[in-house]
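Every number here is computed from the coordinates shown, using simple stated rules; none is lab data. Note that this is a predicted model, so its numbers are computed, not measured. Please note: Cβ atoms are built from the backbone with ideal geometry, for glycine as well, and neighbour counts cover all protein chains shown.
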Amino acid sequence: MESVLKISNLNLFYNNVQALYNIDMDIKMNHVTAFIGPSGCGKSTLLRCLNRMNDLIENCRIEGSIQLDGAEIYDKNQDVVSLRTRVGMVFQKPNPFPKTIYENVAYGLRCQGINDKKILDEVVEKSLRKAALWEEVKDRLGQNALRLSGGQQQRLCIARAIAMEPEVILMDEPTSALDPIATAKIEELIQDLKAEYTIVIVTHSMQQAARISDETAFFLMGELIEMNTTKKLFQLPNDKRTEDYITGRFG
Amino acid sequence: MVKIDTELTLFQDAILQMSDKVRRMYIMALEVLESGNKERALAIIQLDEFVNNDEEEINDRGLEVLSLLAPVASDLRVIVAGIKIASDLERIGDYAKNIARYVIKNERLEPELMRHARSIGDQFVLLYDKAIECYRTKDAKTAIEVPQLDDEIDAAFTLLIRFIEERMEAGENIPHLVATVGMLRNIERAGDHTKNVCEHLIYQVRGQHYDFG
């Protein structure tokens, strides 16, 4: 199985505090990879390394290597904006722009200077369809996105990421602010999306990781303790610390 | 203590209590075979009702843990293995009940046949006790060896068959002897189900599948 992202010997420091220790990991193409672990274990920090969101944090220093399709993403010649079109991100709290539904999805293309209405119409419809939102919003594309429900807003954010045709979609607890029905829709969507995209998801719900991911990585205090197929990790983990965590005996 | 720990302890205690009842059924079955006491045989049949009830309670308790506490990894295997073990124990109990029924319907065994029955029965209790001890102590290593004791039951059973064949060749009453073999076959089958208990325990502890036949 081909890997899209290859993380090697990654160390991350906030000032002098080390937050990630010697992470080695391959993210496989068209797989859903879940990061689990207690708060502060470094899972979101690692996720944010994958499209250089940590560049925005002062005094954050990274050592080691992350390769996307064989090219180093921390190379000084790497254009961060183009990296983020290839590695999209969906956050914990839906964060649509205070614009119309249509403009939210078209936003990235407009930033790239694409204003041809025919192209934009096509991309908006295709992205909303892929995000399983089209049927619900097709008659009100001009409506302000903030009037959508939380679950719809989150799917809109996914559509906005998809519009850029990324290879990888990062999701940081994408359903933690949603009710069970909206959560189920997003989970179903993730299953559909993996045919075309590689998905990395941080989740606090172990049941969610078990339901939707192919591979699961368990982190503890900045270390990758165990990465395995989800089936194996939840049935017969190799490491006692993984077993303690997934069976709720941590702490 | 984590809530699931309490629940799993209660679940496993219930299985051990069920296994005690099943053991008592065999001790009583071997007694009534010897004494021919039909009232006591009836008590075995009544005890089987309690064993059947235990299995249902263990299943309910297991399903409750599955639905409310969503166990994974070793916790999940405790429940899955436990439900299967309870099912095997229930069958083992049924075999003791069949012996009790035989005692109610038939005359006492003659001394020589009783010696064979005692030999098969004692071997079974030995196997059963070791298997349950493995479950009690979560000893997968010993549980891999314990099923070999079933060979002793099979050997004792073969001796009985040979003994009966000789008697039949000598022109003895066949239906009576065939019924005795059928009755004692119950213990041999109980031995096979006891081996399953070892298989389930190994799965519970190690997550590995063993097949002792």
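Descriptive notes on the structure:
- Summary of the geometry: segment A:182-236 and segment A:81-130, compared by the centres of their Cα atoms, lie 25 Å apart.
- Signed unit charges on C-beta, dipole axis of chain A, positive-most listed residue A:133, A:199, A:81: A:133
- The protein assembly as shown, dipole about Cα centre (Lys/Arg Cβ +1, Asp/Glu Cβ -1), debye to the nearest 20: 1600
- With all pairs of different C-alpha atoms in the average, the Kirkwood value for the hydrodynamic radius of the protein assembly as shown is 26.7 Å.
- Between the listed residues B:186, A:189, A:210, the Cα displaced farthest toward the positive end of the dipole of the protein assembly as shown, a dipole computed from Cβ unit charges relative to the Cα centre, is found at A:189.
- Segment A:185-251 gives an Rg/Rh value of 0.99, both radii derived from C-alpha positions and Rh following Kirkwood.
- When only Cα pairs below 8 angstrom with a gap of at least 6 residues are kept, segment A:3-246 shows a relative contact order of 28 percent.
- Overall, segment A:3-246 carries a charge dipole of about 520 debye about its Cα centre when +1 sits on the Cβ of Lys and Arg and -1 on the Cβ of Asp and Glu, all other atoms neutral.
- Positive dipole terminus of chain B, leading residue within B:142, B:158, B:66 (C-beta point charges): B:66
- Amide H to amide H, with H built 1.01 Å from N, residue A:201 comes under 5 Å of A:33, A:34, A:35, A:171, counting only residues 5 or more places away or on other chains.
- Centroid-to-centroid separation of segment B:1-26 and segment A:22-56 [C-alpha atoms, Å]: 43
- When each of the peptides B:147-155, B:102-110, B:193-201 is scored by how many other beta carbons lie within 10 Å of its residues on average, the order from highest to lowest is B:193-201, B:147-155, B:102-110.
- Sequentially through segment B:28-33, phi angles give Karplus couplings (6.51, -1.76, 1.60; θ = phi - 60°) of 5, 4, 5, 5, 6, 4 Hz, Gly and Pro residues having no value and appearing as x.
- The reciprocal of the average 1/r between distinct C-alpha atoms defines the Kirkwood hydrodynamic radius, which for segment A:68-204 equals 15.2 Å.
- Kirkwood-based shape ratio for chain A, expressed as Rg/Rh from alpha carbons: 0.97
- Here the Karplus curve 6.51 cos²θ - 1.76 cosθ + 1.60, taken at θ = phi - 60°, turns the phi angles of segment A:230-241 into couplings of 4, 4, 5, 4, 8, 9, 9, x, 7, 9, 4, 5 Hz, with x standing for Gly and Pro.
- For chain B, the convex hull drawn through the C-alpha positions has a volume of 104 cubic angstrom per residue.
- 5 angstrom amide H check on residue A:219, placed H, neighbours 5+ away: A:36, A:37, A:225
- In this simple spin-label approximation, residue B:52 and residue A:99 carry label points 7 Å from Cα along the Cα→Cβ vector, and these lie 7.2 nm apart.
- Distant-in-sequence amide H partners of residue A:74 (H built 1.01 Å from N, under 5 Å): A:66
- Most to least packed among B:167-173, A:54-60, A:172-178, A:202-208 [average Cβ atoms within 10 Å]: A:172-178, A:202-208, A:54-60, B:167-173
- Compared with the direct C-alpha span, the chain from residue A:165 to residue A:107 gains 19.6 nm at full extension, assuming 0.36 nm per residue.
- Averaged over the residues of A:242-249, the number of partner chain Cβ atoms lying within 10 Å of the residue Cβ comes to 5.
- Point-charge dipole on Cβ atoms (K/R +1, D/E -1) for segment A:66-177, about Cα centre, debye to 20: 420
- Relative contact order for chain B: 27 percent, from Cα pairs under 8 Å spaced at least 6 residues apart, divided by residue count.
- For segment A:3-246, share of DSSP beta bridges that run antiparallel, in % to the nearest 5: 60
- Backbone N within segment B:78-94 under 19 Å of label point (7 Å from residue B:17 Cα along the Cβ vector): B:79, B:82-91, B:93
- 3J(HN,Hα) from dihedral phi, segment A:194-206, Karplus parametrisation 6.51/-1.76/1.60, rounded to Hz, x for glycine, proline: 5, 4, 10, 10, 9, 10, 10, 10, 9, 9, 8, 8, 5
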